[in-house]
Amino acid sequence: MGRPRQHDESTRLALLAAAERMIDADGPDAASVRAVADAVGTTTRAVYSVFGSKDGMLEALATRLFDFLVAAIDACERTDDPVVDLVEASVSGFRRTALEHPALYSLVFLRVVPDLRFGADFAESAGRAFGRLESLVRRLHEEGPLDAAGAGDASLAVHALTEGLASMELRGALAGTGDPEAVWRTSVRTLLDGFAGARGGRVVTGGSADAGCG
């Protein structure tokens, strides 16, 4: 009979959750190997066994952001309107994930640990999340406003817009608008309308929140 694993997936998730709370409260320096281990009631050996190093733990946290993002986007119901679906994925997917996990967002997009290097697992998870965006943008091509070559550029533009909006909202720059979510919806729709106009098409902007997300 094989030797049981000393540190299972539940230990890994508990360590990640503790590290995320510490970074959210006091920044990345607060999430030392010792502090994270103590918060979970385990030893530093457990952290090193699971992640290899503090940087390995931070990379696992950064990777987890995209797992949350994919889950949030997949939870959004699909409608017959690709614009409604793309707006909803941006708001209830990207925005919700950024607001619920600001510590992870800061690791990935704000690079609060400048020297942190990301490896293959991070790249795979990020690629999976971006693939969700690309598939939603490709649906616009089926409606006519985008040509095949423009879909990739459009995906990057939507990503740039949503990343910028999230960064602004997290630092409080949208607080004075009264309704940050409305700013998101208007911004994404305006961008999509711009794609349509540039190619002689038309995007029907649909309702404000017709799609549902879990």
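Criterion first (touching a His at 6+ places or on another chain (Cβ under 7 Å) and surrounded by fewer than 21 Cβ atoms within 10 Å (Cβ to Cβ)) does residue 109 satisfy it?
So residue 109 does not fit the description; no.
If only one of 11, 79, 44 is within 24 Å of residue 134 (Cα to Cα) and either surrounded by fewer than 16 Cβ atoms within 10 Å (Cβ to Cβ) or hydroxyl-bearing (Ser, Thr, Tyr) (or both), which one is it?
That would be 79, the only listed residue that is within 24 Å of residue 134 (Cα to Cα) and either surrounded by fewer than 16 Cβ atoms within 10 Å (Cβ to Cβ) or hydroxyl-bearing (Ser, Thr, Tyr) (or both).
For segment 23-49, what are the residues that are in contact (Cβ under 8 Å) with a residue 60 or more places away in the chain and assigned to a helix (DSSP H, G or I)?
Result: 23, 24, 28.
Take residue 66 and decide whether it is closer than 25 Å to residue 179 by Cβ and either modelled with pLDDT of 95 or more or of a type outside the set (Phe, Trp, Tyr) (or both).
Criteria not met by residue 66.
Inspect all residues belonging to segment 76-95 and state whether any of them is free of Cβ contacts under 8 Å to residues at least 40 places away in the same chain and not charged (D, E, K, R). Can you show your working first?
Initial filter on segment 76-95 (free of Cβ contacts under 8 Å to residues at least 40 places away in the same chain): 80.
Remaining after also requiring not charged (D, E, K, R): none.
Looking for residues that are free of Cβ contacts under 8 Å to residues at least 40 places away in the same chain and not charged (D, E, K, R), one finds none in segment 76-95, hence no.
Given the structure, is residue 125 more than 19 Å from residue 20 (Cβ to Cβ), within 14 Å of the chain's Cα centre (by Cα) and surrounded by 14 or more Cβ atoms within 10 Å (Cβ to Cβ)? Can you show your working first?
Working: more than 19 Å from residue 20 (Cβ to Cβ): no; within 14 Å of the chain's Cα centre (by Cα): yes; surrounded by 14 or more Cβ atoms within 10 Å (Cβ to Cβ): yes.
Here the answer is no, as residue 125 does not meet what is asked.
Has segment 137-157 got any residue that is farther than 18 Å from residue 61 by Cβ, in contact (Cβ under 8 Å) with a residue 60 or more places away in the chain and surrounded by 15 or more Cβ atoms within 10 Å (Cβ to Cβ)? Let's see the steps before the verdict.
Initial filter on segment 137-157 (farther than 18 Å from residue 61 by Cβ): 137-157.
Retained after the next criterion (residues that are in contact (Cβ under 8 Å) with a residue 60 or more places away in the chain): 140, 142-143.
So of that shortlist, the ones also surrounded by 15 or more Cβ atoms within 10 Å (Cβ to Cβ) come out as 140, 143.
Yes, because at least one residue in segment 137-157 is farther than 18 Å from residue 61 by Cβ, in contact (Cβ under 8 Å) with a residue 60 or more places away in the chain and surrounded by 15 or more Cβ atoms within 10 Å (Cβ to Cβ).
Given the conditions (1) modelled with pLDDT of 95 or more; (2) assigned to a loop (DSSP other than H, G, I, E, B), and given that residue 80 satisfies all but one, which numbered condition is not satisfied?
(1)
The values are calculated or read from the model by the stated rules, or taken from the named source; none is laboratory data. No experiment lies behind these values; they were computed from the predicted model shown. Cβ atoms come from the backbone with ideal geometry, glycine included; neighbour counts cover every protein chain shown.
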